[in-house]
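Notes to accompany the following structure.
Where a number appears in this text, it was derived from the coordinates with a stated rule and is not lab data. The structure displayed is predicted, hence computed values, not measured ones. Cβ placement follows ideal geometry from the backbone for every residue including glycine, while neighbour counts extend to all protein chains displayed.
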Amino acid sequence: MLEARLSSFLREGQRLQVSAAAVGAVALAVVLLLLPNWLSGYWLRITTSVLMFATLAQAWNIITGFTGYPAFGNTAFFGVGAYALAILVTKAGLGIPAAIVLAGLAAAAFCAVIGLPILRLQGHYFAIATLALSLFVREAAANLGWLTNGAIGIVLPTLASGSPEEITRPYYYLMLLVLVACCACTWWVSVSRFGYGLRSIKADEDAAACFGINTTLSKLVAWVLSAFFTGLAGAVWALWITFIDPQSAFNLAIAVKFSVMALLGGLGTVAGPVLGALLVEVLTQAIWGAFYAVHLAVLGLAIMLIVLLMPGGLMQLLRDRLATAKRLLATPSAKESWR
């Protein structure tokens, strides 16, 4: 009788968790849609930046978090997406919506072409190759002046005019749309058979191949998905900034930042990269205001401490706390309280 009551209590708790998650998701959607009406121009730009880096961290999570391949050169796809949109809009005269989608597809196609040879590498060899790829594409953009305008860069039209809030608002919603799509794709990966295959590759690639998983194709599809959303973010970023050049579009500092965000939030999870992006941006703003002269050093120290104290990221910490709470509910003292 006692065990039945306790089991019923736990099932009811699970149903409440699902209901709370659904209500929380709806509430969060409403808040995000209305948020631009409450923020100043400065904070709206900060929030848009959080959305962009959350998208980049989430896209990187698909290839690195689930597959275990550290693609530190994903800025190549960010820059390809930015340049593809700039060329389609300024030289081909294409509309903005179509140009954004095609920019993402261009980054995905580029990844599909170069992915097959690079994905035959593993570990630090793969990481170095992706970094070299980013540098190669940056130099190519700088030297293909007939297409990219070289170091001169490309100026893009603005989507809106008026106050800072009115100017930034369209880019906020575009970034939000890309982030939602990227999170939905990551969620599908996390629950699908394809995602389980990626996890098996991360655990033991040779064993996964022995069990019939096409490891090369799985890795390539994961990287192409990552490149697609990275390219979309790069396209919206190019519209937002209104000017791109090789140094800004293929900036390796962007890769460092979104990699840290994903690691802090928790690799291989859906919410982790988003939480990591929010945490790093909040820390950046707080530390920048309090330690202006040495804010980068203080920020680096803070991130190091967080990594040391939470090696599995925020999501792992939350899972551990939840597991501890469930164990406490299942202890004899908890059972006694239900007699």
Fewest-first sequence of Phe77, Phe258 by Cβ atoms within 10 Å of each Cβ
Phe258, Phe77
Please state the shape class of the stretch 94-234: rounded when a/c is under 1.5, otherwise prolate if a/b exceeds b/c and oblate if not, all from the C-alpha gyration tensor.
oblate
What FRET efficiency comes out for the pair Leu144/Ala297, r = Cβ-Cβ distance, R0 = 41 Å, nearest 0.05?
0.60
So what's the stretch 164-287 giving for Cα Rg divided by 2.2 N^0.38 Å, two decimals?
1.23
How much mean residue ellipticity at 222 nm does the chain get from its helices, if each DSSP H run of length 4 or more adds -39500 (n - 2.57) and you divide by all residues, to the nearest 500 deg cm²/dmol?
-26500 deg cm²/dmol
For the stretch 108-189, what does the alpha-carbon gyration tensor say about shape, rounded, prolate or oblate, given a ≥ b ≥ c as the root eigenvalues, a/c under 1.5 as rounded, and a/b over b/c as prolate?
oblate
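Between rounded, prolate and oblate, where does the stretch 26-147 land on the alpha carbon gyration tensor, with a ≥ b ≥ c its root eigenvalues, rounded for a/c under 1.5, else prolate if a/b exceeds b/c?
Working: a/c = 2.26, a/b = 1.33, b/c = 1.71.
Since a/c reaches 1.5 but b/c is at least a/b, the shape of the stretch 26-147 is classed as oblate.
Contour minus end-to-end for Ser40 and Leu217, with contour as 0.36 nm per residue of separation and end-to-end as the Cα-Cα distance? Intermediate results must be reported in sequence, preceding the final value.
Details: separation 177, 0.36 × 177 = 63.72 nm, distance 4.60 nm.
That pair, Ser40 and Leu217, stretches by 59.1 nm at full extension.
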With Rg and Dmax of the Cα atoms in Å defined as stated, name the option among [x] 22.1, 80; [y] 25.9, 94; [z] 31.9, 136 computed from the structure displayed.
[x]
Take each uninterrupted DSSP H stretch in the chain, measure its Cα extent along the helix axis, and return the ones at 18 Å or beyond whose mean Kyte-Doolittle hydropathy is at least 0.5.
2-34, 41-64, 75-90, 96-118, 123-143, 164-191, 215-241, 252-265, 272-290, 295-309
Under the definition of Cα pairs under 8 Å and six or more residues apart, what whole-number percent is the relative contact order of the chain?
29
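What does the highest-first list of 271-279, 35-43 look like by mean Cβ count within 10 Å? Walk me through the numbers before you get to the answer.
Numbers: 271-279: 24.6, 35-43: 13.2.
With the highest mean Cβ count within 10 Å placed first, the list reads 271-279, 35-43.
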Ranked highest first by the average count of other Cβ atoms within 10 Å around their residues, in what order do 199-208, 182-191 fall?
182-191, 199-208
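Full-extension gain between Val26 and Ala109, please, as 0.36 nm times their residue separation minus the C-alpha to C-alpha distance. Could you put the intermediate results ahead of the total?
On the way: separation 83, 0.36 × 83 = 29.88 nm, distance 3.45 nm.
Full extension from Val26 to Ala109 adds 26.4 nm.
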Hey, with R₀ at 35 Å, roughly what FRET efficiency would Val256 and Leu33 work out to, going by the Cβ-Cβ distance, to 0.05?
0.65
